[in-house]
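K.L.:
After the structure tokens below, expect a handful of questions from me.
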Amino acid sequence: MRSVPSLLSMLGDQEPPRRVMTPWQYVRLRRRAAGLSIAQVAAPFWVRPEHQHDVEQYFRNLEAENLRHQRIYITEGKPYFFSIDVYHQLANLPAHQHPRLCTGCGWDEHSVQYDHNGNDANWSADDPQLCTRCEQARAWEDSRAAKATRHAA
Ligand SMILES: [Zn+2]
């Protein structure tokens, strides 16, 4: 069989292309990383019951594909779960100007996040796409899967 040179080898030693994260994927990753449902993230933003549906719909729309919001109605001081600056960078800047984000949870290095040992999250030394929190979670899942496989054998 004829071997085809890979695209990466043709690019020389340029870095492999990073997957572009969209703003809606970012919001969804951050919400899931916080372990929150749409109803839970919306709850601090409505008081009167007749507003609940609209507020929840607003948060649902933040995760809707191909919608880029230019205004985000989340005020400082409320418990928010994603960076509005990062959101705008993903929505408005070309991919090469996007901030570096964890592909597992959307963490950026300017945001405070703790890993599962209670330390400040950092970039994984083994997988530069991941933060240490996601690396720990992955290692835990891998060891659980390995145990299950051994158990089944
Ligand atoms: Zn992460």
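K.L.:
Pairs, please: C-beta under 6 Å, at least 6 apart or cross-chain, first residue assigned by TED's automatic domain parsing to the domain that holds Glu65 and in the range 82-109, second of a type in the set (Lys, Arg) and open to solvent by less than 40 Å² (accessible area, probe 1.4 Å)?
P.N.:
Listed pairs, sorted by first residue: Phe82/Arg30; Gly106/Arg30.
K.L.:
When you scan the range 105-121, how many residues do you find that are in contact with a strand residue (DSSP E or B) (Cβ under 7 Å, 6 or more places away or on another chain), within 10 Å of the ligand (Cβ to nearest atom) and farther than 14 Å from Phe82 by Cα?
P.N.:
Going through the range 105-121 one residue at a time, the tally reaches 1.
K.L.:
Would you please name the residue that is surrounded by the most Cβ atoms within 10 Å (Cβ to Cβ), looking only at residues in the range 138-153 that are within 14 Å of the ligand (Cβ to nearest atom) and not aliphatic (A, V, I, L, M)?
P.N.:
This residue is Arg138.
K.L.:
Here's a follow-up. Please note which helices (runs of 4 or more DSSP H) are completely contained in the range 26-137 and include at least 3 residues that are open to solvent by 60 Å² or more (accessible area, probe 1.4 Å).
P.N.:
Counting at least 3 such residues, we get 52-62, 84-92.
K.L.:
Keeping to the range 1-44, report how many residues are modelled with pLDDT of 90 or more and of a type in the set (S, T, N, Q).
P.N.:
4
The values are calculated or read from the model by the stated rules, or taken from the named source; none is laboratory data. Small disclaimer: the values here were computed from a predicted structure and weren't measured. Positions of Cβ are generated from backbone atoms using ideal geometry, with glycine treated the same way; all protein chains shown enter the neighbour counts. Just so you know, the surface numbers come from the protein's heavy atoms only, side chains and all, with ligands and any DNA or RNA stripped out. Shrake-Rupley method; radii C 1.70, N 1.55, O 1.52, S 1.80 Å.
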